[in-house]
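S.K.: Got a structure here, written out as structure tokens. Questions coming.
The values are calculated or read from the model by the stated rules, or taken from the named source; none is laboratory data. Quick caveat: nothing in here was measured; it's all calculated off a predicted structure. Because the Cβ atoms are built from the backbone with ideal geometry, glycine has one as well, and the counts that use them run over all protein chains shown.
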Amino acid sequence: MMSLATVRSRLNLSLHNMFSPQSAARSLLSSLAAGMLLTVAVGMPSAAANEAAAASAMTTAVAAADSCTVPAFQQLQTVGKTRLKVWFWDVYDAQLKTDTGAFGDANQRALQLTYLRDIDADDLVDTTADEWQRLGIEQTPEHQQWLQELREMWPNVSKGDCITLVETNAGDAQFYANQELLGEIASAQFTDDFLAIWLDAKSRFKDERDELIGAK
């Protein structure tokens, strides 16, 4: 059996390598550490526990489908879906839609994230900045202004909540929390840079990126 120090070290490494993102890493750190230490102490979850967790995730997904209906998102065609998981824990479901139903030739894109655990808004914004830096996106004064707009716009999210980005015909980014329009960032460059966190070829999680763009 691994020592508690080894478990904590490996957990911190796993969370550090997490993707938008890393907001989940910051928000999950304390709860995941406690959960992982308990797992090492008592063994792997039972089949009944796994079934209960799966049932809970299904219930959350069904509830989210009702509360996250955004007409501007629904009218587009699905390209792909994926789920971000960290060890035994589900973080969020992601769905990409476009006007054509394909990734490469789209004129309008939309991304919806359905969160499967609670995350603070500040963590979401901080992770956006972290991922831009990791992708090599230059942090211009405009980027700093966009991050401030996000900080003022985004709410904390709870399990079952959705954040949806819908690209307008002009390329601007409209954000929704569940069914409520939060606001708009009027910049096609922001839209491209924000979606790059999930869609760029250098995105942190390659398999999830490929599922989103319909490549697998």
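S.K.: Scan 90, 105 and give me the residue that is modelled with pLDDT under 95, surrounded by 13 or more Cβ atoms within 10 Å (Cβ to Cβ) and among the acidic types (Asp, Glu). Please lay out each step first, then the result.
M.R.: Values: 105 fails: surrounded by 13 or more Cβ atoms within 10 Å (Cβ to Cβ).
Just a single option satisfies the conditions, and that option is 90.
S.K.: Report yes if some residue within the stretch 187-201 is aromatic (Phe, Trp, Tyr), within 14 Å of the chain's Cα centre (by Cα) and either part of a strand (DSSP E or B) or under 19 Å from residue 85 (Cβ atoms) (or both); otherwise report no.
M.R.: Filtering the stretch 187-201 down to residues aromatic (Phe, Trp, Tyr) leaves 190, 194, 198.
Pick out the ones that are also within 14 Å of the chain's Cα centre (by Cα) and you get 194, 198.
Applying the additional criterion that residues be either part of a strand (DSSP E or B) or under 19 Å from residue 85 (Cβ atoms) (or both) yields 198.
Checking the stretch 187-201: at least one residue is aromatic (Phe, Trp, Tyr), within 14 Å of the chain's Cα centre (by Cα) and either part of a strand (DSSP E or B) or under 19 Å from residue 85 (Cβ atoms) (or both).
S.K.: Identify, by number, the condition in (1) surrounded by 14 or more Cβ atoms within 10 Å (Cβ to Cβ); (2) of a type in the set (D, E, K, R); (3) out of contact with any helix residue (DSSP H, G or I) (no Cβ under 6 Å at 6 or more places or on another chain); (4) part of a helix (DSSP H, G or I) that residue 151 doesn't meet.
M.R.: Condition not satisfied by residue 151: (3).
S.K.: Now, a different point. Can you tell me how many residues in the stretch 130-183 are over 19 Å from the mean Cα position of the chain (by Cα), within 17 Å of residue 108 (Cβ to Cβ) and without any contact (Cβ under 8 Å) to a residue 24 or more places away in the chain?
M.R.: Residues that pass the stated criteria total 3.
S.K.: Does residue 214 satisfy the criteria of being under 17 Å from residue 73 (Cα atoms), small (Gly, Ala, Ser) and in contact (Cβ under 8 Å) with a residue 24 or more places away in the chain?
M.R.: Values: under 17 Å from residue 73 (Cα atoms): no; small (Gly, Ala, Ser): yes; in contact (Cβ under 8 Å) with a residue 24 or more places away in the chain: yes.
It is false that residue 214 is under 17 Å from residue 73 (Cα atoms), small (Gly, Ala, Ser) and in contact (Cβ under 8 Å) with a residue 24 or more places away in the chain.
S.K.: For the stretch 202-215, give me the residue count where each residue is buried (at least 17 other Cβ atoms within 10 Å of the Cβ) and assigned to a helix (DSSP H, G or I). Steps first, please.
M.R.: Initially, the stretch 202-215 is screened for residues buried (at least 17 other Cβ atoms within 10 Å of the Cβ), giving 203-205, 208-209, 211-213.
Checking which are assigned to a helix (DSSP H, G or I) leaves us with 208-209, 211-212.
Total meeting the criteria: 4.
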